[in-house]
Amino acid sequence: MTDSPVHLVVDRAACAGHGLCYGTAPELLESDDVGNPVVLADPVPNSHLDAAHRAAAACPERALTLTSALPLSEEKPL
């Protein structure tokens with residue numbers, strides 16, 4: 001059995017654009033033109049899971065979450 005892929009999800013409504021997440025994990029996140037995070041690696045590579053956890057923990061707004069399932073709005077149709 002293989003592990004489920006882990007996704008880093010940004011809650012755009014909660015994000016205040018502090019930049020701590022992409023400053024903490026530049027290999028996983030970068031800034032868009034207005035300072036909001038853009039996920040670079042989806043799913044998160046196993047070798048970067050620790051960085052993903054640190055980025056989520058660094059967010060004062062708690063706008064980043066790690067999940068093993070995509071939100072319904074992001075699932076691809078069969």
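All of the numbers you see were taken from the coordinates with simple rules; none came from a lab. Here the structure is a predicted model, which means the values were calculated and not measured. Using ideal geometry, Cβ is built from the backbone for each residue, glycine included, and neighbour counts are taken over all protein chains shown.
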What whole number of Å gives the distance from the Cα centroid of region 2-33 to the Cα centroid of region 41-71? 6
Inter-label distance for LEU40 and ARG12, nm, one decimal - labels placed 7 Å from Cα along Cα-to-Cβ: 2.1
Fewest-first ordering of VAL44, VAL6 by Cβ atoms within 10 Å yields VAL6, VAL44
Please turn the phi angles of region 49-61 into ³J(HN,Hα) values with the Karplus equation 6.51 cos²θ - 1.76 cosθ + 1.60 (θ = phi - 60°), one per residue in order, whole Hz, x for glycine and proline. 4, 4, 5, 5, 5, 5, 5, 5, 5, 6, 6, x, 8
What does the extension gain come out to for SER31 and ALA69, with contour length at 0.36 nm per residue minus their alpha carbon separation? 11.3 nm
Hz values of 3J(HN,Hα) by residue in region 11-28 - Karplus curve (6.51, -1.76, 1.60), Gly and Pro given as x: 8, 5, 5, 8, 5, 10, x, 5, x, 5, 5, 6, x, 7, 9, x, 6, 10
Given charges of +1 on the Cβ of Lys and Arg and -1 on the Cβ of Asp and Glu, with all other atoms neutral, how large is the dipole of the chain about its Cα centre, in debye to the nearest 20? 160
Go through (i) 59, 51, 11; (ii) 39, 33, 18; (iii) 38, 27, 19 and flag the label whose value is the computed Cα extents along the principal axes in Å for this structure. (iii)
